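Since the structure comes first, as structure tokens, the remarks are kept for the end.
The values are calculated or read from the model by the stated rules, or taken from the named source; none is laboratory data. Remember, predicted model here, so these are calculated numbers, not experimental data. Here Cβ is always computed from backbone atoms with ideal geometry, including for glycine, and neighbour counts include all displayed protein chains.
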Amino acid sequence: MFHLVQRCCSHIPLKLQKLTLHRLLQYGRNKTICSSPPSLPLQRVLSRPSRSQLLTQASACVTKAQEFHCSLRCLKKKKPKEPEPQQLGLLRHDMRSLKDSPKPAVYLGLAGLIPFVSVPVIMAIQQTYYPELAFAQMTYGATIVSFLGGVRWGFALPENSPAKPDWMNLGNSIVPPLLAWFAILFKDDLTPAAIMVIIGLGIALHYDLALLPTYPSWFKALRVLLTLVAIFSLVVTLGLMDVYPEKQLSNSASKSK
């Protein structure tokens, strides 16, 4: 109620407020004179408060009323802001921004899938498993895993970058190259090598999407697409190892000559 009265009073013109205050002061004077008994001396009646004193008292009352109103507003509990609904999953938000990707990034990214996809396609057409091609695919995958770790360094080093060059960003960027190095050590057995490369691709994707400061949405969508195709190609190559007979590529080349 007080808040409504104050809002109404705030819209009253200044002249009308002064006139109202002047009438209240006159009413206070008349009330003081009339309420004084006739037996009191004239000096006591004439010693009523002056106009300046009444104005001071009135302004003090207004100030106290404003402070009381402000304190009431402060005591009111503010309603907590409802969190904005977040879009879940990459398919709803990030994958939509794939169309905003720069053309050089899209073309170079798709071209980078050729060494991954071409190996199982050649094996499926020839219906033969070539260990040399599988090793080449695994080595290329290890190179890509190392490249993804270096991308984080290049993203964190500029001064205006949202990713700081701290232990979290730079330290975790070393993990993918280490996994790639371990994968190359298993050159005699391509199954654990390919599995190590798949793990490296998955960890690099997890870093870029969830753990470390994020890239632009279009880059995250492109990363998801390229990583899934690369992992799928490695898995198909491992599957063809048990489906088709193994044959050395060098032997087939010598026979053709």
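If you go through region 217-242, how many residues are touching a residue at least 12 places away in the same chain (Cβ under 8 Å) and either closer than 20 Å to residue 105 by Cα or touching a strand residue (DSSP E or B) at 6+ places or on another chain (Cβ under 6 Å) (or both)? Selection size over region 217-242: 16. In region 192-204, the residue that is farthest from the chain's Cα centre (by Cα) out of those that are of a type in the set (A, V, I, L, M, F, W, C) and surrounded by fewer than 19 Cβ atoms within 10 Å (Cβ to Cβ) is 195. Taking region 152-252 and the helices (runs of 4 or more DSSP H) fully enclosed by it, the elements with 1 or more residues that are among the charged types (D, E, K, R) are at 217-243.
Considering (1) within 21 Å of the chain's Cα centre (by Cα); (2) among the hydroxyl-bearing types (Ser, Thr, Tyr); (3) within 14 Å of residue 148 (Cβ to Cβ), the lone condition that residue 227 does not fulfil carries the number (1). Reported count of residues in region 113-134, each being assigned to a helix (DSSP H, G or I) and in contact with a helix residue (DSSP H, G or I) (Cβ under 6 Å, 6 or more places away or on another chain), is 9. Restricting attention to region 147-166, the residues being surrounded by 19 or more Cβ atoms within 10 Å (Cβ to Cβ) and under 26 Å from residue 183 (Cα atoms) number 4. Does residue 237 qualify as being touching a Gly at 6+ places or on another chain (Cβ under 9 Å), assigned by TED's automatic domain parsing to the domain that holds residue 123, at pLDDT 90 or above and among the β-branched types (Val, Ile, Thr)? The answer is no for residue 237.
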